[in-house]
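Below: one structure, written as structure tokens.
Nothing in this text is a laboratory measurement; each read-out follows from the coordinates by a stated rule. Everything quoted here is computed from the prediction, not taken from an experiment. Counting neighbours? That spans all protein chains shown, and the Cβs are built from the backbone with ideal geometry, glycine included.
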Ligand code: ATR
């Protein structure tokens, strides 16, 4: 039941029409009886978006494409991790003071560390965009040895230099001598569900394979990995864990993980269309 005390939360981005976050967070609020509502705001100008957040007293926001980097200069403060990554996807408003965090990084680390520790592991990330940057920063901060694999060499080399990682062009990948492989590109996403950036023959049973694509839940890469005997992590895991971090930051309550996960599974059973990287 909404009333004058209801706290407002939002996903802010452009576009946001296909975001799964409103369904997931509203389900989470009702699950624990929290007096909150979560909506989607399509915002072209993030400076105005942050001004609105302050003036309307919006308590928290998930920030998505294309604002994760440009938002930084309109915040009062940033968590050290977000500052080091150079991207913010989470904002909390405390009496008009806006602080930014990066839950993409923390969500990915939780998803992996539920399966295996990262210290001393050889990790390869396919892709060199915003998601690769956040996850790459996280895994190196946990003591993993990182290799980036990317289609465009100049982009990959630049990120590899920033993360102190090795770099291999995707076209020159011959084998996968790693412990963990993390796929961060949009390859394999609906509707191109039969595509994978990795030839199936490169996958060996000792690899842990994670795909951040969650539509479909079982991408071609994950199907191939399962067939090769690999352990796998699907895109829902990172998505739910990054959202759980936001929920706990905003409400100071433990996130109802199972209900959040189920709300997403319900949506994915009835797909409309999904955007890569969309919160
Ligand atoms: P995000 O912020 O979600 O990570 P992004 O910044 O657009 O998204 O990054 C997309 C990544 O996926 C890039 O590394 C891109 O490779 P390029 O640097 O070569 O553009 C990669 N990518 C996208 N489509 C791809 C494809 N068809 N094959 C290989 N890599 C692809």
Could you please find all residues in the range 1-33 being touching a strand residue (DSSP E or B) at 6+ places or on another chain (Cβ under 9 Å), assigned to a loop (DSSP other than H, G, I, E, B) and in contact (Cβ under 8 Å) with a residue 40 or more places away in the chain?
14, 15, 16, 19
Can you find a residue in the range 194-205 that is touching a strand residue (DSSP E or B) at 6+ places or on another chain (Cβ under 6 Å) and either within 14 Å of the ligand (Cβ to nearest atom) or part of a helix (DSSP H, G or I) (or both)?
yes
Here are some residues: 186, 128. Which one is outside any helix (DSSP H, G or I), under 13 Å from the mean Cα position of the chain (by Cα), closer than 24 Å to residue 203 by Cα and near the ligand (Cβ under 9 Å from one of its atoms)?
186
Of the conditions (1) assigned to a helix (DSSP H, G or I); (2) surrounded by fewer than 22 Cβ atoms within 10 Å (Cβ to Cβ), the single one that residue 111 does not satisfy is (2)
For the structure I just gave you, tell me whether residue 144 is under 25 Å from residue 224 (Cβ atoms) and away from the ligand (no atom under 14 Å from the Cβ).
yes
Six or more apart or on different chains, Cβ under 8 Å: which pairs go from a residue in the range 113-134 that's farther than 14 Å from residue 208 by Cα to one that's in a strand (DSSP E or B) and away from the ligand (no atom under 16 Å from the Cβ)? Could you list them?
120/145
Residue 92: passes all of (1) buried (at least 24 other Cβ atoms within 10 Å of the Cβ); (2) more than 16 Å from the ligand (Cβ to nearest atom) but (1)
Can you tell me which residue within the range 70-80, out of those that are more than 17 Å from residue 48 (Cβ to Cβ) and surrounded by fewer than 18 Cβ atoms within 10 Å (Cβ to Cβ), is farthest from the ligand (Cβ to nearest atom)?
77
